[in-house]
Amino acid sequence: SAATWREKAQALGNYVQSHIRYVDIEIGIGGFQPHAAGDIYHHQYGDCKDKAALLSTMVREVGIPSYLALAQVYRGVVTPEFASAITFNHAILAIPLPADIPVQDFTAVVDSAKLGKLLFFDPTSDYTPFGALPAYEQENYVLVATPQGGELIRLPLSTPATNRLVRTARLELHADGSLSGSVDETTYGSMATDERDRLLSSNATDRTKALESFLGSFLRGFHLMQASEDNINQLSEPLTLHYQFTADRYAKSAGDLLIVRPRVLGEKATDAAEGDDPRKFPVAYEQASIQTDDIEISLPPGFVVDDIPSPTKAETSFASYTSQIQVTGNKIRYTRTYQVKQVLVPLEKIEEFRKFNRQIAADERSNVVLRRGPQ
């Protein structure tokens with residue numbers, strides 16, 4: 001009963017995505033040939049090629065053509081020079097986009113010279129909104145099957161601004177070194193998809209344990225006071241996680257000084273390219289993204305800022321990082337922006353990658369020194 005092309009395609013895509021359970025049984029020809037669409041619909045389960053085949057049949061019933069597409073969930077496996085069907089391990093759907101549908105409404109559109117504008121959709125990815133692709137399929141190859149033959153297509157990489165993490169913390173430091181306050185973390189795009197997958201695949205107890213494990217990586221003697229989520233079931237909306245905590249002995253005391261790490265939560269530096277053995281493969285990021293932190297810490301009465309670290313700026317072709325600390329009244333504010341522009345760092349840039357991450361690690365270890373003022 002939907003009135004428009006988009007409403008029809010999205011309703012059917014969401015149905016197969018959320019109602020057809022994923023069950024993977026690859027015995028004999030079942031590893032290559034999907035079941036009949038009627039059987040998949042009747043039993044309400046199937047694997048990736050079953051779900052793609054069912055969705056293809058359902059959209060055809062409402063006048064929307066589509067093509068099955070062989071995909072690969074790992075980058076670097078498929079080579080354009082010899083894209084053998086055996087190198088693919090997944091199946092998704094390619095839907096020709098009508099000329100009157102705005103392309104900018106979607107991030108998973110490819111303009112093919114032979115097939116025109118194609119919208120790609122993965123009905124196996126439970127929490128990816130219609131018109132987008134999961135991160136592992138971006139910047140990767142698919143083989144689109146048509147009656148006239150196959151076409152190898154490279155799927156697009158979402159812009160960094162599409163996939164964002166915005167962390168905002170308003171905290172209070174106490175004279176005994178303890179820290180308390182609230183944090184909001186909002187994710188967008190594929191970062192929201194990944195976070196939804198983690199949260200909705202867990203019960204309430206496991207969600208709490210996961211958040212406590214995250215906090216335990218950065219805080220000693222902490223206590224999680226409260227946690228909640230917004231828009232957890234609205235796939236097209238940003239997902240926000242709210243939580244409050246207290247942490248004992250966060251700041252180190254040295255006479256009249258308190259030594260505070262302003263980067264309270266989150267870690268961007270990686271040692272993926274460290275080690276004595278020469279690296280044989282590129283470094284892979286999960287997705288292009290922009291991740292920001294805005295952490296404001298109110299100082300305890302009687303303390304003033306004695307020393308702050310210099311700003312950090314690191315720029316490469318594949319990623320960038322900036323941070324700074326500002327002092328306003330009795331508050332220090334630590335802000336930083338981490339942007340991933342490319343998902344693969346080639347071997348010839350590994351030394352640059354090491355230097356980049358060492359700069360980030362140094363910033364993440366830096367401290368603000370507070371001094372007790374005259375009483």
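The amide H of Asn367, built 1.01 Å from its N in the peptide plane, has no neighbour under 5 Å, considering only residues 5 or more places off or on other chains. When the surface is traced with a 1.4 Å probe over the full set of protein chains, Asp197 keeps roughly 80 Å² accessible. Between the helical axis of 350-365 and the dominant principal axis of the chain, each derived from Cα atoms, what acute angle in degrees is found, rounded to the nearest 10? With both axes taken from Cα atoms, the answer is about 40 degrees.
Taking the charge dipole of the chain about its Cα centre, with +1 at Lys and Arg Cβ atoms and -1 at Asp and Glu Cβ atoms, the residue from Gly177, Leu257, Leu68 reaching farthest to the positive side is Leu257. A dipole drawn for the chain from +1 and -1 charges on Cβ atoms has a positive end, and of Asn203, Phe318, Met58 the residue lying farthest that way is Phe318. Of interest is the spacing of the C-alpha centroids, which for segment 340-375 and segment 161-198 amounts to 19 Å. Annotation: Cα Rg of segment 107-187 relative to the compact-globule expectation 2.2 N^0.38 Å equals 1.78. Altogether, the Stokes-Einstein calculation at 20 °C and 1.002 mPa s, with the Kirkwood radius of segment 1-75 over Cα pairs as Rh, returns a diffusion coefficient of 164 µm²/s. Of the residues Ala113, Ala175, Ala71, which exhibits the maximal mean-square fluctuation in a Gaussian network model of the chain defined by a 10 Å Cα contact cut-off? Most flexible of the set in this elastic network: Ala113. For segment 243-375, the solvent-accessible area of protein heavy atoms averages 52 Å² per residue (probe radius 1.4 Å; ligands and nucleic acids excluded). If I fit a long axis through the Cα atoms of helix 204-216 and take the longest principal axis of the Cα atoms of the chain, what angle between them do I get, 0 to 90°, rounded to 10? Approximately 50 degrees, to the nearest 10. Computed from the Cα positions only, the extents of segment 231-276 along the three principal axes stand at 52, 40, 13 Å, in decreasing order. Computed log10 I(q)/I(0) for segment 242-375 at 0.12, 0.22 Å⁻¹: -0.57, -1.29, from the Debye equation with unit scatterers placed on every C-alpha and solvent omitted. For the chain, what does the helix formula give at 222 nm: sum of -39500 (n - 2.57) over DSSP H segments with n ≥ 4, over the residue count, nearest 500 deg cm²/dmol? Helix-only estimate at 222 nm: -6500 deg cm²/dmol. The slack between Thr146 and Lys313, meaning 0.36 nm per residue of separation minus the straight C-alpha distance, is 55.2 nm. For the peptides 25-37, 252-264, 119-131, the ranking by mean Cβ contacts within 10 Å, running from highest to lowest, is 119-131, 252-264, 25-37.
The three principal axes of the C-alpha atoms in segment 163-259 carry coordinate ranges of 52, 25, 17 Å, sorted with the longest axis first. Obtain the radius of gyration and the Kirkwood radius of segment 292-349 from its C-alpha atoms and give Rg over Rh. We get a ratio of 1.17 for segment 292-349. Computed from the C-alpha gyration tensor, the three semi-axes of the ellipsoid equivalent to the chain are 46, 23, 18 Å, from longest to shortest.
If R₀ is 41 angstrom, what is the calculated FRET efficiency for the pair Asp105 and His223, using the beta carbon separation as r and rounding to 0.05? Given R0 = 41 Å and the Cβ-Cβ separation, E is 0.40.
The values are calculated or read from the model by the stated rules, or taken from the named source; none is laboratory data. Nothing here was measured: the structure is a model prediction, and the numbers come from that model. Positions of Cβ are generated from backbone atoms using ideal geometry, with glycine treated the same way; all protein chains shown enter the neighbour counts. Each accessible area value is taken on the protein alone, full model and side chains, heavy atoms only, with ligands, DNA and RNA left out. Shrake-Rupley method; radii C 1.70, N 1.55, O 1.52, S 1.80 Å.
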